[in-house]
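Let me begin by presenting the structure, written as structure tokens, before commenting on it.
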Amino acid sequence: MASHLEPNRHTSLLHAGYHHPLHRTWQAGLPITSEMLMYPIFVTDNDNVEEKIDTLPGQSRWGINLLVDFLTPLVANGLKSVIIFGVPANIEKDAVGSAADDPNTPAIRALKVLSKAFPSLLLACDRLADISLAYARAGCQMISPSDMMDGRIKAIKDALVEEGIAHKVSLMSYSAKFASGFYGPFRDACHSTPGSGDRKCYQLPPQARGLARRALVRDMGEGADVLMVKPGTPYLDILRDAREIAPDYPLSVYQVSGEYAMIWHAAKAGVFDLRTGVMESMDGFVRAGANFVLTYYTPQILEWLKEDRN
């Protein structure tokens, strides 16, 4: 009898394994679920206004007083986590973010409102060491410093430990964050600088696979609880590297604003069906090793998952 390891004339025949729809489910890996989605939301201190974002079709800056009504149906559909980006319109900004830990900033006000309205919703925020403490005190359960400077993770972890809250506030590192052309719509949404170009002085060069691997190891050593690769689709190889480097860590991937807009406009132009394109991108992230995805498509995916359940 031939060993199953020995080549034979049937080894190239694969189609029978996925001809039937049920067969295809047996061949599949883990599907995307609502628990694997984190929704990035923009919050402004124009309290009663929804400001449409032209470069992010379907997304808005939300006034504090509109947040609960906006998120209530999403939570009902299974939304489990959001990451909050504050976009102050009535507080003067400076080069060092002096006002970011002011209790009147939109992010801190949003944390207080959302933690009360949705006690089980995981609230993540994007900020630095001193500001991180202010956010944690206001109800933030995950801090995510997006500037990925050397020593940033250690500084925030040390601050959380000293404050006595490191056991209940996790730290998600934008470890493998690349200087990318896909960030433009986000900068428009946040009125951030630079309005064009990139931040090559401290974000990773797109070709720098080795630097990305070293950055992941660095942040693991400094106390990161979760690792991130950003952007997503152009860096699936880095996502797979991250899974191999950190097999026991939660791993996230950010499908950034330019990726979102690219899929949106392609679908609108009839290149492909929106749901098909979005869900294929999700499958790619999960297959590469992501435990969860930050995506602006979260509301649509939640609705599609609900349709599938029904």
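The values are calculated or read from the model by the stated rules, or taken from the named source; none is laboratory data. Predicted model, so just to flag it, every value in this text is computed and none were measured. Note that each Cβ is placed from the backbone with ideal geometry, even for glycine, and that neighbours are counted across all protein chains shown. The area values use the complete protein model at the heavy-atom level, side chains included, leaving out ligands, DNA and RNA. Shrake-Rupley method; radii C 1.70, N 1.55, O 1.52, S 1.80 Å.
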If you take the charge dipole of the chain about its Cα centre, with +1 on Lys and Arg Cβ and -1 on Asp and Glu Cβ, which of Gly151, Ala215, Phe70 is farthest toward its positive end?
Ala215
Sum -39500 (n - 2.57) across every DSSP H segment of at least 4 residues in the chain, then divide by the residue count to get the 222 nm mean residue ellipticity, nearest 500.
-11500 deg cm²/dmol
Which entries of Lys168/Lys230; Lys80/Lys268; Lys157/Lys306; Lys52/Lys177; Lys52/Lys116; Lys52/Lys157 have Cα-Cα distances beyond 32 Å here?
Lys157/Lys306; Lys52/Lys157
Computed from the beta carbon distance with a Förster radius of 22 Å, FRET efficiency for Glu163 and Lys116 to the nearest 0.05 stands at 0.50
Once the stretch 118-247 is represented by equal point scatterers at the alpha-carbon sites, with solvent omitted, what log10 I(q)/I(0) does the Debye formula produce at q = 0.13 Å⁻¹?
-0.56
Radius of gyration and maximum dimension Dmax of the chain, Cα, Å
20.8, 79
Provide the packing ranking of 13-26, 283-296, i.e. peptides ordered by the mean count of other C-beta atoms within 10 Å per residue, highest first.
283-296, 13-26
How would you rank 58-64, 166-172, highest first, on the average number of other Cβ atoms within 10 Å across their residues?
58-64, 166-172
Dipole magnitude of the chain about its Cα centre (Cβ charges: Lys, Arg +1; Asp, Glu -1), debye to nearest 20:
540 debye
Among Pro234, Ser34, Tyr183, the residue whose Cα sits farthest towards the positive end of the charge dipole of the stretch 32-308 (+1 at Cβ of Lys and Arg, -1 at Cβ of Asp and Glu, taken about the Cα centre) is Pro234
Accessible solvent surface per residue of the chain, calculated while the other protein chains remain in place, 1.4 angstrom probe, Å²:
50 Å²
Amide H to amide H, which residues 5 or more places from Leu294 or on other chains are under 5 Å from it, using H placed in the peptide plane?
Met38, Val253, Tyr254, Gln255
Extension gain Asp102-Asp237, at 0.36 nm per residue separation less the Cα-Cα distance, in nm?
44.6 nm
Restricting to the chain, what percent of DSSP beta bridges are antiparallel, rounded to 5?
10 percent
